[in-house]
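For reference, the structure discussed in these notes is given below.
The values are calculated or read from the model by the stated rules, or taken from the named source; none is laboratory data. Predicted model, so just to flag it, every value in this text is computed and none were measured. Here the Cβ is made from the backbone with ideal geometry for all residues, glycine too, and neighbour counts use every protein chain on show.
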């Protein structure tokens, strides 16, 4: 090291040496008065001799070594300078074209960015001592040695024994909990065979909310008596019998006719009434309105005035005399007596009408019976009908039907009609398991704003 | 009087119902969650009798639930899971927003899930309850298993549905329970008898999907979620009832047969087993190794009177069923590539037949086309290039019609290129006096063991010459009138003769050898019975007589209508025939 240092110093002292930092020169010139100091003591040498220039110089040398990879003065001129001869134009391009052909083979050439970033200082990076050291190396080595010895002897330590005896961690148990319901490999078991395990106290279970509440019996009733799968009519066969096919077509036709009727009805209601349309007559009348004075108006006017007068009068009733009152009372009494007598006679007469009364009662009973039956039948019929469960009414799906010319002769050429998915969905609705719904419509929260782009506006 | 004033809508039906929105708020669930919960727990909306009272005076249409039902829902542990899930989604969103991937992973791992086992047990306390409700589950699972694996629903659900349906089909095959099949334009209807329950389900045709937009997929997926669980448990129980292993294992023998070198071409190793199961060609292995089950015979009880008739009828039915179960036993089928493989394989195997197909169609084929022992080759194209002599080439409808008729139908009507007889619905059961299509009559005659020689002759004759039309008509009329008394037919004969003579045709006058009228014992007996009946009618009271007449009138009207239809049909057939003839000329 020392030799190298000296060599550098020698090199630096030579007149050709270049300083990297230009500030060094200015320091020397600023010395004013020399201080007198005894230089016979080593202590004073250290204290008062100026070594700044040497240190600066050494710093500069180190700096150069660090950054440029050696002393600048030792480098050749070619590595430091180049001759600027303007743009290297076509000659170089041609060269590149030539190179371009060979390019494919030259993948190993380093990138320019890597070249720039390459470490080119002469000073090696500092060594990381810790990377080579292992903490507790001595201890570990000792333990390993001991373990080897024991193994050679065939002795198993207590620690090892405990490790071996430890139960393996049950990872599977946790996984089964998180298994999804639709896992295609899930397993089933006999759910009806085993009785529920009532190990713990029912009171405890109930209080902690772990006991399942008993399902009410009523919930097991089905909301409709319809079967789950309704088989299509025989006309819906892929190769149907002629008549059953016709019957199915007839049915589908009836449905269509009904629909058409409904549509027509609405159309009719919406249509403009012919009487409301303006004819030439009415147009003329409108134009002439108010120009021609009719005589009728004059005649009707006075009548109205008379009516108004009549409304205003109040007719006062005259007072009844005593006699009149007495007579009225007597009449009333008489009337009442007659009435009661009549009733008595009627009742006596009913004794002789017993048969007819009996008959009428019987008739009535029959009537009520019939009505009851009818009502019951209606209720039964209602059970198989879809109920009104929400905003929308149940709409049966379109009948699946194939026209005579659509029928396929063979199974291969059959084109399936309708969709099973829709059939199932409608069946669920029909059996009152779900309420009929509409697909939610997309609603825009804010209105769209239309703005012409400037570029577009300039064109138009 | 006095006392407190009664407030409106605080008692009676108004307090028994609750609107959907209120119920939702009470349970603290979002609407989709609430809907899902209701479907899973089997709680359905209810239409109150007096809506205005329930709706507190308003007549707006609302969805109502019973308040007690909603109170019952509040105890459900799944509600808590739904809330957990909501929180989970919120956390996940947040983690995503912050791009904290480790957090996302951790959350994903601890995704809250739930099981429906306890709900199944609660809704179907006994196995038989579940079996009665299995129709819906089957339909839904079969439907979902045919879905394309696009984003419409979870792929896992589709896989699970496929697995369950395959298990179900294998069970039906093992139990030989299939009864009816109906090919409709919508899909294929199957009916099977499982533990005495008739179970009907609908299977869509393969590749026949357009996704309708007005169906709520979320609701359907929820139903499927419940039904997959239900079907799984039912399958388990059914397999064990037959001593089959569950999850199903292929028979060892069959397994080795199916082992092929090029298995990897069909499916990945993980899917291979399910694929083989779903091929339906191999039988399943049993817990108790295949002992030939002896057919359990019906116990005989000494019975008297009317019961004996019933017993006999039942016995006959039993016998018929046994025969039906062995319908295709001993037959070897080969499916051409254009026929629906799964359906046919399922049906054929259900009745004991052996079935195979081309190797490239599906895994699990047992023998090649070149096998000499094949008895039936099912083809659905006009002709086949290379035909073997010792097998029938038939159209697929034969298989289904045989199943519905419960006998092996003559194959002639189903040969290649022949116009098929109509495929009748087996789900229609005609009452007495209803119109029965002639094809069905034919099949019924075959079932009774009669030979349809008459009609065949007829066809042949007709093809030979057209001049004998008149005679044929007579014959046919005789056929039709066979059920009625002979007198009527004679009358008709006379009538037709008269008509012919009036039309100017020469009567066929023949001298026929006389016949000795044989005293028929059976006939005498019948006459006696008829006489007795007539007397009984005469002895009736006026009221009863009136009722009786009414019933008889109704019956006659029905018969009249049926006759009308039959006549129409005949006219139609004749027209068709003449058309054909013209075309031939």
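Please go through region B:175-189 and pick out each residue that is assigned to a strand (DSSP E or B), within 12 Å of chain A (Cβ to nearest Cβ) and in contact with a helix residue (DSSP H, G or I) (Cβ under 8 Å, 6 or more places away or on another chain).
Correct list: B:180, B:181, B:182, B:183, B:184, B:187, B:188.
Answer with yes or no whether residue A:131 is at pLDDT 90 or above, at negative phi and more than 14 Å from chain B (Cβ to nearest Cβ).
So residue A:131 fails the test.
Residues being free of Cβ contacts under 8 Å to residues at least 40 places away in the same chain and more than 8 Å from chain A (Cβ to nearest Cβ): count how many of those fall in region B:148-164.
Qualifying residue count, region B:148-164: 5.
If only one of A:357, A:434 is surrounded by 10 or more Cβ atoms within 10 Å (Cβ to Cβ) and farther than 30 Å from residue B:66 by Cβ, which one is it?
After applying the criteria, what remains is A:357.
Condition check ((1) under 30 Å from residue A:404 (Cβ atoms); (2) assigned by the TED database to the domain that holds residue B:210; (3) free of Cβ contacts under 8 Å to residues at least 60 places away in the same chain) across all residues:
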{"site": "B:103", "(1), (2), (3)": "no, no, yes"}
{"site": "B:132", "(1), (2), (3)": "no, yes, no"}
{"site": "B:144", "(1), (2), (3)": "no, yes, no"}
{"site": "B:173", "(1), (2), (3)": "no, yes, no"}
{"site": "B:189", "(1), (2), (3)": "yes, yes, no"}
{"site": "B:195", "(1), (2), (3)": "no, yes, no"}
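Please tell me if residue B:109 is at the interface with chain A (Cβ under 9 Å from one of its Cβ atoms) and surrounded by fewer than 18 Cβ atoms within 10 Å (Cβ to Cβ).
For residue B:109, the condition - at the interface with chain A (Cβ under 9 Å from one of its Cβ atoms) and surrounded by fewer than 18 Cβ atoms within 10 Å (Cβ to Cβ) - is met.
Mind checking whether some residue in region B:411-418 is in contact (Cβ under 8 Å) with a residue 40 or more places away in the chain and within 11 Å of another protein chain (Cβ to nearest Cβ)?
no
For region A:228-266, enumerate the residues that are within 13 Å of another protein chain (Cβ to nearest Cβ), within 26 Å of residue A:429 (Cα to Cα) and under 42 Å from the mean Cα position of the chain (by Cα).
Residues satisfying the conditions are A:228, A:229, A:230, A:231, A:232, A:233, A:236, A:237, A:252.
The rows are residues; the columns are (1) within 24 Å of residue B:122 (Cβ to Cβ); (2) more than 39 Å from the chain's Cα centre (by Cα); (3) modelled with pLDDT under 95.
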| residue | (1), (2), (3) |
| --- | --- |
| B:15 | no, yes, yes |
| B:32 | yes, no, yes |
| B:39 | yes, no, no |
| B:60 | no, yes, yes |
| B:78 | yes, no, yes |
| B:84 | yes, yes, yes |
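With in contact with a strand residue (DSSP E or B) (Cβ under 7 Å, 6 or more places away or on another chain) and within 14 Å of chain B (Cβ to nearest Cβ) as the only criterion, which of A:401, A:420 stands out?
Checking each option against the conditions leaves just A:420.
What is the number of the single condition among (1) over 27 Å from residue B:49 (Cα atoms); (2) within 12 Å of chain B (Cβ to nearest Cβ) that residue A:379 does not meet?
Residue A:379 satisfies all of (1) over 27 Å from residue B:49 (Cα atoms); (2) within 12 Å of chain B (Cβ to nearest Cβ) except (1).
Would you confirm whether or not region B:221-232 contains a residue that is surrounded by fewer than 16 Cβ atoms within 10 Å (Cβ to Cβ) and not assigned by the TED database to the domain that holds residue B:343?
No, region B:221-232 contains no residue that is surrounded by fewer than 16 Cβ atoms within 10 Å (Cβ to Cβ) and not assigned by the TED database to the domain that holds residue B:343.
For the subset of region A:174-185 comprising residues that are modelled with pLDDT of 70 or more and more than 17 Å from residue B:81 (Cβ to Cβ), which member is nearest to the other protein chains (Cβ to nearest Cβ)?
Ranking the qualifying residues of region A:174-185, first place goes to A:184.
Out of all the residues in region A:424-432, is one or more modelled with pLDDT under 90, assigned to a helix (DSSP H, G or I) and under 39 Å from the mean Cα position of the chain (by Cα)?
No - not one qualifying residue is present in region A:424-432.
Against the conditions (1) facing chain A (nearest Cβ under 7 Å); (2) in contact with a strand residue (DSSP E or B) (Cβ under 8 Å, 6 or more places away or on another chain), where does residue B:116 fall short? Just the number, please.
Every condition holds for residue B:116 apart from (2).
Counting residues that are free of Cβ contacts under 8 Å to residues at least 40 places away in the same chain, which helices (runs of 4 or more DSSP H) fully inside region B:1-90 reach at least 3?
B:20-27, B:31-41, B:67-73
Considering (1) within 8 Å of another protein chain (Cβ to nearest Cβ); (2) touching a helix residue (DSSP H, G or I) at 6+ places or on another chain (Cβ under 6 Å); (3) surrounded by 19 or more Cβ atoms within 10 Å (Cβ to Cβ), say which one residue B:171 fails and leave the rest.
(1)
Given the structure, is residue A:192 surrounded by fewer than 12 Cβ atoms within 10 Å (Cβ to Cβ), out of contact with any strand residue (DSSP E or B) (no Cβ under 9 Å at 6 or more places or on another chain) and either facing another protein chain (nearest Cβ under 7 Å) or part of a helix (DSSP H, G or I) (or both)?
no
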